[in-house]
Amino acid sequence: MDDNPTTDYLGTRLRHLLDQLEGDVTRTYTDLGLPDFRPRYTPIIRIVDTHGPQSIRQLATTIGITHSAISQTANQMRRDGLVELHPGTDARHRIVHLTDHTRTLLPTLHAEWNATTAAARQLDAELPYPLSQLVELALQAITDKPLHHRIRDHLHTP
């Protein structure tokens, strides 16, 4: 091991980066008077606001994360009064609807989303490689060949 943090501690460094980014967005929500709003709510609200009520499955597919993760987030959002969950045509499906309370927050949320997008573009421009593009490329590479397989290719046990 050569103690190069960019490779030896990649997972730790990625978590640190995500914590920094998410923490700053969370602080912005607090500054806007929304101390309980979580950044992970944003994609759900944006999609439902733009495209109307969506099933948990549709949201998971559109956002590109697991059904379970969307379901857990939607349940927390329901407890926070941001969405309502209605049964779909099939009893196993739940449809996410924005509450009236969330609709009143939309102008503030739109302003924050626009500012965050501009800040992310500014960050991308300061880096030798745009972070947003690098993340997409990394996710595709991991989809093509999971890290587990890559590790196994290099693992030599006694």
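The values are calculated or read from the model by the stated rules, or taken from the named source; none is laboratory data. Worth saying up front: this structure is predicted, and the values here are computed from it rather than measured. Because the Cβ atoms are built from the backbone with ideal geometry, glycine has one as well, and the counts that use them run over all protein chains shown.
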Could you check, for the stretch 95-117, whether at least one of its residues is out of contact with any Lys or Arg (no Cβ under 9 Å at 6 or more places or on another chain), closer than 24 Å to T143 by Cα and not small (G, A, S)?
no
List pairs: first in the stretch 77-89 and under 13 Å from I45 (Cβ atoms), second among the aromatic types (F, W, Y), Cβ under 9 Å, 6+ apart or cross-chain?
M77/Y41; D80/F37; D80/Y41; L82/F37; L82/Y41; V83/Y41
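Any residue at all in the stretch 2-11 that's surrounded by fewer than 16 Cβ atoms within 10 Å (Cβ to Cβ), at pLDDT 95 or above and assigned to a helix (DSSP H, G or I)? Can you show your working first?
Taking the stretch 2-11 first, the residues surrounded by fewer than 16 Cβ atoms within 10 Å (Cβ to Cβ) are 2-11.
Subsequent filtering for residues that are at pLDDT 95 or above retains none.
No, there is no match, as no residue in the stretch 2-11 is surrounded by fewer than 16 Cβ atoms within 10 Å (Cβ to Cβ), at pLDDT 95 or above and assigned to a helix (DSSP H, G or I).
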So which residues in the stretch 61-89 are in contact with a Ser or Thr (Cβ under 7 Å, 6 or more places away or on another chain) and farther than 24 Å from P35 by Cβ, if there are any at all?
G88
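Would you point out the residue of the stretch 130-147, among those that are surrounded by fewer than 10 Cβ atoms within 10 Å (Cβ to Cβ) and over 28 Å from A118 (Cβ atoms), that is farthest from the chain's Cα centre (by Cα)?
The qualifying residue farthest from the chain's Cα centre (by Cα) is D144.
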I need a count of the residues in the stretch 30-62 that are under 13 Å from T102 (Cβ atoms), part of a helix (DSSP H, G or I) and not polar (S, T, N, Q).
7
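So, in the stretch 109-129, of the ones that are among the acidic types (D, E) and surrounded by 10 or more Cβ atoms within 10 Å (Cβ to Cβ), which residue ends up nearest to I47 (Cα to Cα)? Step through it out loud before you land on a result.
The first filter runs over the stretch 109-129 and keeps only residues among the acidic types (D, E), leaving 112, 124, 126.
Among the residues that remain, those that are also surrounded by 10 or more Cβ atoms within 10 Å (Cβ to Cβ) are: 112, 124.
Details: E112: 15, D124: 24 Å.
Restricting to residues being among the acidic types (D, E) and surrounded by 10 or more Cβ atoms within 10 Å (Cβ to Cβ), the top hit is E112.
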Complete set of residues in the stretch 90-108 that are among the aliphatic types (A, V, I, L, M), surrounded by 15 or more Cβ atoms within 10 Å (Cβ to Cβ) and either under 14 Å from L34 (Cβ atoms) or modelled with pLDDT under 95 (or both)
L105
